[in-house]
Amino acid sequence: MAGNSQRRNRRTSNKKGAQVGSGGQRRRGLEGKGPTPPASARKGHKKNRVANAQARQAAARRPAPRRGGVKGTSEMVVGRNPVYEALRDGVPATTLYVQQYIDNDERVREALQLAGERGNINLMEAPRPELDRMTGGLNHQGLVLQVPPYEYADPQDLLEAAYDNGEDPLIVALDGVTDPRNLGAIVRSVSAFGGHGVVVPERRAAGMTAGAWKSSAGTAARTPVSKVTNLTRALEAFKKDGIAVVGLAADGEHTVEDLEALGGPVVIVIGSEGKGLGRLVGETCDYRVRINMPGGAESLNAGVAAGIVMYEVARRRA
């Protein structure tokens with residue numbers, strides 16, 4: 001009997017007592033969760049993606065000098081007028097070759113004066129046969145200017161330049177633009193409207209030649225150009241960093257005036273005047289925009305089109 005009584009007491013002692021209340025849990029459940037977090041902190045929101053991309057960029061930055069990208073090839077500018085104009089327009093140069101016993105006319109004197117004022121251009125005298133060999137028999141008129149290889153930037157350098165200034169990236173990418181003068185004009189527009197650089201593909205595209213330097217009117221010295229092996233992959237990488245990719249197309253679904261994405265971080269893609277954007281590049285774009293042309297022109301020069309879109313971006317950011 002005593003054993004049974006002890007077992008009953010143990011079973012009774014294990015029973016829970018009466019539940020008086022919820023301990024405040026219900027009250028806490030009815031309380032609000034605080035103010036709505038900002039868009040940059042809400043997962044999945046566009047501004048959250050941009051903020052995360054900026055954080056990744058900041059974490060990846062190095063205090064070391066700029067990485068730089070591929071290098072171009074050296075170039076020769078030949079002829080009295082071309083050499084003079086290249087020197088006048090600030091085209092980088094390493095050496096000015098002057099033919100022995102050259103007829104010292106006004107253009108020759110002006111070219112020599114500009115090279116001397118630079119202070120970092122070597123002056124070399126060479127016999128005519130040597131200049132013929134260097135230029136492949138071109139009509140050099142006794143003056144040959146050697147332009148050093150252009151050092152292209154890494155695409156990430158363009159983003160870092162924007163983030164370092166606390167700005168949304170504004171980049172122009174070119175698809176099939178083969179005229180160096182158009183490239184130079186676009187570099188000039190990017191510089192004028194606060195852009196952070198230009199991206200060009202490695203193949204079937206203009207590079208930073210002396211002609212591009214001249215068309216940029218000196219702005220190529222402060223506006224980086226990046227050369228990439230595959231433009232589509234480069235655009236996809238920009239998209240992963242939270243940047244909208246906007247392609248310029250005559251049949252675009254949006255107009256430049258109504259596309260809100262131009263007010264944020266953006267890469268503007270411009271195709272050739274005749275063919276426009278390539279298929280893969282066009283499919284990679286988040287948006288395709290058109291420029292309304294009441295006058296009825298079928299297309300615009302790539303440099304002109306870039307200037308119009310860049311102005312609209314600058315207007316929205318002002």
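Observations on the model:
- Ranked by solvent-accessible area (1.4 Å probe, protein heavy atoms only, all chains present), the residues MET134, MET310 order from largest to smallest as MET134, MET310.
- Figure legend: label point modelled 7 angstrom from the Cα of THR229 along Cα→Cβ; residues of the stretch 143-164 with amide N under 18 Å from it are 152-157.
- Distant alpha-carbon pairs in the stretch 172-277 (separation over 17 angstrom), percent: 53 percent
- With DNA, RNA and ligands ignored, accessible area of ASP164 (1.4 Å probe; Å², nearest 10): 100 Å²
- Ligands, DNA and RNA left out, the accessible area of the stretch 181-318 computed with a 1.4 Å probe is 48% carbon and sulfur.
- Once the Cα-Cα distance is subtracted from the 0.36 nm per residue extended length, the ARG118 to ARG222 segment shows a gain of 35.7 nm.
- Across ASP132, ASP157, the residue with the most accessible area heads the list, and the full order at a 1.4 Å probe is ASP132, ASP157.
- Distant-in-sequence amide H partners of ALA173 (H built 1.01 Å from N, under 5 Å): VAL199, ILE268, VAL269, ILE270
- Taking every Cα-Cα distance in the stretch 122-174 and sorting them into 5 Å bins starting at zero, the pair-distance distribution P(r) comes out as 4, 14, 17, 11, 7, 6, 7, 10, 12, 8, 2, 0 percent.
- Separation between Cα centres of the stretch 279-318 and the stretch 154-174, rounded to whole Å: 19 Å
- Under 19 Å of direct C-alpha separation, and excluding same-chain neighbours fewer than eight residues apart, LYS214 reaches these aspartates and glutamates: GLU75, GLU85, ASP89, GLU110, GLU117, GLU151, ASP179.
- Normalised per residue, the accessible area of the stretch 263-318 is 51 Å², obtained with a 1.4 Å probe and no contribution from ligands, DNA or RNA.
- Our analysis of the stretch 242-290 gives Rg over Rh at 0.94, with the two radii drawn from alpha carbon positions and Rh computed by the Kirkwood formula.
- The Cα atoms of the stretch 232-314 give a gyration tensor whose axes a ≥ b ≥ c have a/c of 1.5 or more with a/b no greater than b/c, which makes the shape oblate.
The values are calculated or read from the model by the stated rules, or taken from the named source; none is laboratory data. Since the structure is predicted, the reported quantities are computational estimates derived from the model, not experimental observations. Cβ atoms come from the backbone with ideal geometry, glycine included; neighbour counts cover every protein chain shown. Ligands, DNA and RNA are excluded from the accessible area calculation, which covers all protein heavy atoms including side chains. Shrake-Rupley method; radii C 1.70, N 1.55, O 1.52, S 1.80 Å.
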